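One structure is given below, encoded as structure tokens.
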Amino acid sequence: MKRKKPTNKRRGFKPKVKKNTQLQNANPPAETPPKTSNPDDGMALNKYVAQSGICSRRKAVELIEKGLVTVNGVVAEKPFHRVKPDDTVEYQGKVIKPEEKKQYILLNKPKNCITSHHDPEGRKTVIDIVGKAVNERIFPVGRLDRNTTGLLLLTNDGDLAKKLSHPSHKVNKLYYTTLDQPVPEEHVNQILAGLELEDGVAEVDACGYVDGGNGFEIGIEIHIGRNRIVRRIFEHFGYRVKKLDRVYYAGLTKKDLPRGRWRHLTEKEILMLKHFT
């Protein structure tokens, strides 16, 4: 018995599915990223102490004035002394450091961009695009190859990154592919059934034609994260993938986020990802 096709609100994508997948659209309009100071200018000592989890910023002023805080072994006298990145700060003889602020950035990755901090060949990286938006060192969750565009999450939250990357959580990702020739329905059905590739069966959650694509454009939804898996699925049939764009990732979409632009996640989106199951 054929299963009834579920309603899918994504524009132009009418997939065949082999199990129910609920796609969320938790994305609000893009936000203007906050202005940040140069980390080389240092941080006010009272703020440094407060962010170390010892006390409030007001209480930190009192501790500093009582001579309980040292910078590089010297008792600090001014609460607003600028602490440089290489300075050693101690409170009652114990070294303290600010707790790292968690950052969550969503990037609509452009083509010809490397998912890395640094590229030996000097090519543009995703970190080059985000630039100095945050003081913390952030890293991409998962990878998109150089010619693949679309959604990429960057963060310094290692626990969340590990959770979203682990196969057991089955984080859904939707890609729009443009191929060099039309795809017959027979191949769509074979993709849905699961292709046997060199590294095992490629499990696919949904696959179907994109409106207006004349069979050349296919939407494919997966939760597996193996290397170049979408490209290899179509290369299995001899197709050449001309374009590959990730339009959905773990409840996040590209709404109001043009190619090559980024934004900070909202508190609602961060909460959604942390409770993602």
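We did not get these values from a lab; they are worked out from the coordinates using the rules stated. No experiment lies behind these values; they were computed from the predicted model shown. Please note: Cβ atoms are built from the backbone with ideal geometry, for glycine as well, and neighbour counts cover all protein chains shown.
Spacing of the modelled spin labels on R240 and K255, each 7 Å from Cα toward Cβ, amounts to 3.7 nm. The reciprocal of the average 1/r between distinct C-alpha atoms defines the Kirkwood hydrodynamic radius, which for region 39-95 equals 10.9 Å. Among the listed pairs K94/K268; K101/K124; K124/K274; K47/K109, a Cα-Cα separation exceeding 32 Å is found for K94/K268; K47/K109.
Region 41-56 and region 126-189 have Cα centres separated by 35 Å.
Find how much the distance from I54 to A193 grows on full extension, using 0.36 nm per residue of separation minus their present alpha carbon separation; answer in nm with one decimal.
Here the segment from I54 to A193 would lengthen by 44.4 nm.
The local environment of I129, defined by Cβ-Cβ distances under 9 Å, has a net charge of +2 under the rule Lys, Arg +1 and Asp, Glu -1. Neighbour counting of Cβ atoms within 10 Å sorts the residues D199, D86, D245, fewest neighbours leading, into D86, D199, D245. Potential lengthening of the chain between K101 and R228 amounts to 42.5 nm, from the contour at 0.36 nm per residue minus the alpha-carbon distance.
Round to the nearest 0.05 the FRET efficiency obtained for D180 and R143 when R0 = 35 Å and r is the Cβ-Cβ distance.
0.90
Modelled this way, with points 7 Å down the Cα-to-C-beta line, the labels at I270 and H166 are 2.1 nm from one another. A simple charge model with +1 on the Cβ of Lys and Arg, -1 on the Cβ of Asp and Glu and nothing else charged puts the dipole of region 60-124 at about 460 debye relative to its Cα centre.
Straightening the chain between E77 and H117 buys 10.5 nm, computed as 0.36 nm per residue apart minus the Cα-Cα spacing.
Footprinting exposure proxy ranking of H236, H187, H166, fewest other C-beta atoms within 10 angstrom first, gives H166, H236, H187.
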